[in-house]
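Quick one: this structure, given as structure tokens, is what I'll be asking you about.
The values are calculated or read from the model by the stated rules, or taken from the named source; none is laboratory data. Just so we're clear, the structure is a prediction, and the values are computed from it rather than from any experiment. Glycine gets a Cβ as well: all are built from the backbone with ideal geometry, and neighbour counts include every protein chain shown. All accessible areas refer to the heavy atoms of the entire protein, side chains included, with ligands and DNA or RNA removed. Shrake-Rupley method; radii C 1.70, N 1.55, O 1.52, S 1.80 Å.
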Amino acid sequence: MALELRQLRSFLAVATELHFSRAAQRLHVSQSALSQQIRALEDNLGAVLFSRTSRMVELTPAGQALFEAAPRVLFEADRAIERVRQAASGTAGVLVIGAVGTALASIAPRIMRAVWEDAPDLRLEVTQMDTAAQLIALADNRLDVALVREASPHSALRTEPLVSEPLMVALPEDHRLANDEQIRPEDLAGEPFVLWPRPLGAEFFDIITGYCREHGFSPRIVAEGTDIETQLGLVASGMGVSLQPAFYANLRMVGVGFRPLAGPAPQIALQVAWRRDDTSAAVRRFVTAALAVAQTIE
């Protein structure tokens, strides 16, 4: 049995008007074409839907049952069609996003706001993850799109730069250098350091250690933290200093001050990453929004 949506709409018009001529006018079709639609529907269902006389049209019990059910059927059909269109245009469904803490502390909220304003029915699921974990999750299809920091090239992934900010010194508020307007890298040579574990982001780790070596010393790492809150907490406790992207100054951690480095400081880039073979309209919408937001910042 095949039910056509056009037949159901024709049936509802007649059932509402209880008059074939008025229903035909309402549908902008001829009365004969409408009658053919109703007969085809009755044949498909194997039931008579209307009792017709020369003077009146009435619903049969079968017609009454369909009259009660048809609006819901048409509503669900229309909603399904709309969902398909939204999914095809990237305005509905679920988009799973990963983001490093630097992105969440800076550009990510603006990107998500732009996506929500453009596609309010698209649900965004956001998880804070380090760069290395995001790249693996993208390749394994556990993330749709990622906001990463200094990601290394990957054959299966595409990346586009968004924004860059310089490294700054994070140090305890009572540190001997805390009141300096700028801090020379050489002044950090004897300091204990709090850093990210290298496996969580080798490129970022190497930028920091390489910068230190360029200025005549290797950082004496006394503690590592797998997230920025832990690292800044260790700094606040007086355990050591840290080199962090300027994005993190937005966190305003109690007991921690951020100071710029004297001279040229390494720039730390945030990037948007996604799978090369992903043709999702929602991913494309997010990437477009990310690049547009980045242009307003630079």
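Among Asn44, Asn179, Asn250, which one shows the highest mean-square fluctuation when the chain is modelled as a Gaussian network with alpha-carbon springs under 10 Å?
Asn44
Taking a probe of 1.4 Å, how large is the accessible area per residue of the chain, in Å²?
Accessible surface, normalised per residue, equals 51 Å².
Counting residues in the range 162-242 as N, plug N into 2.2 N^0.38 Å and put the Cα Rg over that result.
Taking N as the residue count of the range 162-242, the ratio is 1.06.
Separate question: For the Cα atoms of the chain, what angle does the longest principal axis make with the long axis of helix 202-214, in degrees from 0 to 90, nearest 10?
The two axes meet at around 20 degrees.
Compute the angle between helix 31-45 and the longest alpha-carbon principal axis of the chain, please, reported from 0 to 90 degrees and rounded to the nearest 10.
In the chain, helix 31-45 runs at an angle near 80 degrees to the longest axis.
In a Gaussian network model over the chain where Cα atoms closer than 10 Å are linked, find which of Glu165, Glu173, Glu181 has the largest mean-square fluctuation.
Maximum fluctuation in the GNM of the chain, among the listed residues, is at Glu181.
For the range 208-273, which trypsin sites (Lys or Arg not before Pro) pass both filters: DSSP loop (anything but H, G, I, E, B) and at most 16 other C-beta atoms within 10 Å?
Those satisfying the criteria are Arg252.
Would you mind checking the tilt of helix 5-17 against the longest principal axis of the Cα atoms of the chain, expressed as 0 to 90 degrees and rounded to 10?
Helix 5-17 and the main axis of the chain meet at about 60 degrees.
Counting Lys +1, Arg +1, Asp -1, Glu -1, what net charge surrounds Val29 among other residues with beta carbon under 15 Å of its beta carbon?
For residues surrounding Val29, the net value is +3.
I want to verify a result. In a Gaussian network model of the chain, Cα cutoff 10 Å, which of these has the top mean-square fluctuation: Ala189, Ala15, Ala269?
Largest GNM mean-square fluctuation: Ala15.
To continue, here is another question. How much net charge surrounds Ala236 when only other residues with a Cβ under 13 Å from its Cβ are counted (Lys, Arg +1; Asp, Glu -1)?
-2
From a point 7 Å beyond the Cα of Gln182 in the direction of its Cβ, which residues of the range 242-266 have a backbone N at a distance under 19 Å?
243-247, 258-266
Can you give the net charge of the other residues whose Cβ lies under 15 Å from the Cβ of Val115, counting K and R as +1 and D and E as -1?
Neighbour charge sum, excluding Val115 itself: 0.
Calculate how many DSSP beta bridges within the chain are antiparallel, expressed in % of all such bridges and rounded to the nearest 5.
That works out to approximately 60 percent antiparallel.
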